Amino acid sequence: MVDVARLDSLPPTEFEAAVAPWFEGAPRFLARLAAARPFGDEPTLFGRAEAIALAMPEAEQIELIDAHPRLGAPPATVSAASHREQAYDRDTTEAIAELGRLNDEYEARFGFRYCVFVNGRSRRALVPVLEAALAADRGSEIRRAVSDVVAIARDRAARAAAEVGVG
């Protein structure tokens, strides 16, 4: 469980630094999230995070989405959390070329990076998911991606809390 009381008590810059890895940065979003405290509990923190992200101006939403690495990006360019989530340590690379082509097509169509909550799926399994996203409208994709950013953050926070509890 995330120590939300501790996060609520931190100065804004320390709060932003503490939760930044969950969101891959995105400074304007983190500043908004810091200003929305106190949260009191984990469901409120992530519920408010999603509400804030969905209500932000589009440019800030895209900044939040684009803070995440490309699906299937070269391993040296992703955070440790993304490296684990995208299964670089156990997945084959056969889908990389296809994801690269689909990422290019998606970014050309929508103007921002494709971001999805991988949730243990292999890159091969994500190819049809990305293909299907290409048929959506831009507004729907922004909302879906922003919601997935928060789902990723929730999962990262839970994993980090579990690792601390194991130690």
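See the values below:
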item	result
Count of the range 117-131 residues which are surrounded by 15 or more Cβ atoms within 10 Å (Cβ to Cβ) and either out of contact with any Asp or Glu (no Cβ under 9 Å at 6 or more places or on another chain) or among the polar types (S, T, N, Q) (or both)	3
Odd one out for Ala49, checked against (1) at pLDDT below 95; (2) small (Gly, Ala, Ser); (3) closer than 29 Å to Ala5 by Cβ	(1)
Residue count for the range 124-164, restricted to those that are over 16 Å from the mean Cα position of the chain (by Cα) and without any contact (Cβ under 8 Å) to a residue 60 or more places away in the chain	18
Selection count where residues are of a type in the set (D, E, K, R) and exposed (fewer than 14 other Cβ atoms within 10 Å of the Cβ), scope the range 1-48	3
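The values are calculated or read from the model by the stated rules, or taken from the named source; none is laboratory data. All values derive from a computational prediction rather than experimental measurement. We place every Cβ from the backbone using ideal geometry, glycine too, and count neighbours over all the protein chains shown.
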